[in-house]
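Step one of this worksheet: look at the structure below.
Derivation of every value follows stated rules applied to the coordinates shown; laboratory data play no part. In this text, all values refer to a predicted model and were calculated from it rather than measured experimentally. Virtual Cβ from ideal backbone geometry, glycine too; neighbours counted across all protein chains shown.
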Amino acid sequence: MTRCELEILREHAGDIARFFPAPSALIEFGSGSSKKMRILLAAAPIIAAYVPVDISSQMLIQEAQELRRDYPRLAVLPVEADFTKPFALPAAATGMAHTGFFPGSTIGNFEPHEAGAFLRHAGRMLGRRAALIIGVDLVKDASILHAAYNDEAGLTAKFNLNLLARINRELDGDFDLEGFDHRALYNSARHRIEMHLVSKTRQHVRAAGRAFDFAAGETIHTENSYKYTLEHFTTLARGAGWTPVAVWTDSGKNFSVHALTFQTDDACSVRRRKEACGASVFPPGERCRSAHGRALRSRPVLNYKYDVAIELSAHADLRSRSLAPAIFRGCGLSAGCQHPDRRQRRLALVSAPPLGL
Ligand SMILES: C[S@@+](CC[C@H](N)C(=O)[O-])C[C@H]1O[C@@H](n2cnc3c(N)ncnc32)[C@H](O)[C@@H]1O
C-alpha cells in the first residue's frame, strides 16, 4: 500500500500540486513521519505553511524540528489534536487557503459512515476554496489483500500484537503475547480487511482492573481496513460536500490518490446530498426511480417519527445498502433509524434533522 501510494505521489506530485489554492497551508491529518508531505512540498512551492496534526506529541515535536532545519523558509506549525474532532488551526495559517492531506488510506480505518462524517468535518475545518488530497486503498483481488496483510516478514502480525503490548503497558494488563495469533481476512461482502487476534488456548486475562476470559479460537477484532472502488469513494466524498476533481492510481491499480475541492458548506445543499446517494428522497408513500433507475418506494418505518424513509429495491446491491446511511450521516442528516432486512434486501432511513422537502 505504502509503495503504491509513494509511486503515485512521486509520479504525479506536479499534477497534484496544480489543485492547491495559493498561498496554501498544507494540513496533514495524522502526519506521523511527514515523509509523503516532503514529496508534495518539492513539487509545490506555493505551500507557505505546513500544519502537521497528530495525536502523538513526541512524533510531532521531533518531525517539526527536522522540517524546520530542512525547509527554513517553510512555516511549520504543529498541532497536537485528535483529527476526528474539531480543533483550531494555528493563527498563522488562517489567512491562507487550506489544502488537506490525508494519505495512507487511514480513511479506510473508519466505518463508512464515520468516513463520510470525517470528510464533512474536514471540509468545515479547511473551509471555502479548500482542496483535499486523500489516499484510498482500492478493492482488489482477495488473494493480493490476503498476502499483504499476512506478510511473510510478520510485520502486520507484529503491528497487530503490539496492541496487547500497549494494553499491558498502558492499562496494566497481563496479556501473554505468545498466547495469541494474528489473523487477517478479507470480508468481501463488506469490502474490508478484518484484523483479529486469535486466542490459542482457553485463558484468563486482566486489564484495566477487569477480567476477561477467552475460549480457544475466540478472537479480538482489532481493526478494519475498508477498501473502496473509485466510484464508491467519489460518491462518499460528494455526499460530504466535496467535488472530486482528479484521481491517480498506481500502475497496478491497487491504490488511488484523489484530489477533492470544497466550495462552501452551504454548497452541500440538500439537493446535492440527495443526488449523491444516487437515490431520490421523497415523502412516505411516494414512488419514484433512483438516479440509477432503481425502483424506490418510501414507507412508514416501525413506529418511529420520521421525515423521510427510503426503501431500496430488491435490485439494490449490498454496497449501496451499506453506503447509503454512511452518506446520510456524512452529510449531517443522520440516519436516525436503519431498518435493514437482509432477506428482503430493504433499507429504510430516517432523516433528522428534517430535509425540508
Ligand atoms: C499510519 S501513520 C500515517 C503517517 C503519514 N500520514 C503517512 O501516511 O505516512 C498514522 C498517524 O496518524 C496518527 N493518528 C492516528 N489517529 C489519530 C487521530 N485520531 N488524531 C490525530 N492523529 C492520529 C498516528 O499517531 C500516526 O502518526
Between VAL245 and ALA153, what FRET efficiency comes out of the Förster formula 1/(1 + (r/R0)^6) with R0 = 35 Å and r the beta carbon distance, rounded to 0.05? 0.40
Label-point separation in nm, ALA215 to LEU74, each point 7 Å along Cα→Cβ: 5.3 nm
Provide the net charge surrounding GLN203, with neighbours chosen by a C-beta distance below 12 Å and charges set as Lys +1, Arg +1, Asp -1, Glu -1. -2
Amide H partners (placed H, <5 Å) of PHE101, local residues excluded: ILE27, GLU28, PHE29, ILE133
At a 10 angstrom cut-off on C-beta neighbours, averaged per residue, how do the peptides 150-160, 231-241, 216-226 rank from highest to lowest? 231-241, 216-226, 150-160
Tell me the net charge near VAL53. Cut-off is 13 Å between Cβ atoms, VAL53 excluded, with +1 for each Lys or Arg and -1 for each Asp or Glu. -4
At 7 Å along the Cα-to-beta-carbon direction for both GLN65 and LYS200, put a label point, then send me their distance in nm to one decimal. 4.0 nm
Highest mean first, what order results for 17-27, 65-75, 110-120, 174-184 on Cβ atoms within 10 Å? 110-120, 17-27, 174-184, 65-75
Using the structure shown, select from LYS85/LYS140; LYS158/LYS253; LYS36/LYS227; LYS35/LYS140; LYS36/LYS253; LYS85/LYS158 the pairs with a Cα to Cα distance greater than 24 angstrom. LYS85/LYS140; LYS158/LYS253; LYS35/LYS140; LYS85/LYS158
Charge tally for neighbours of ALA97 with beta carbon under 11 Å away, counting Lys, Arg as +1 and Asp, Glu as -1, is +2
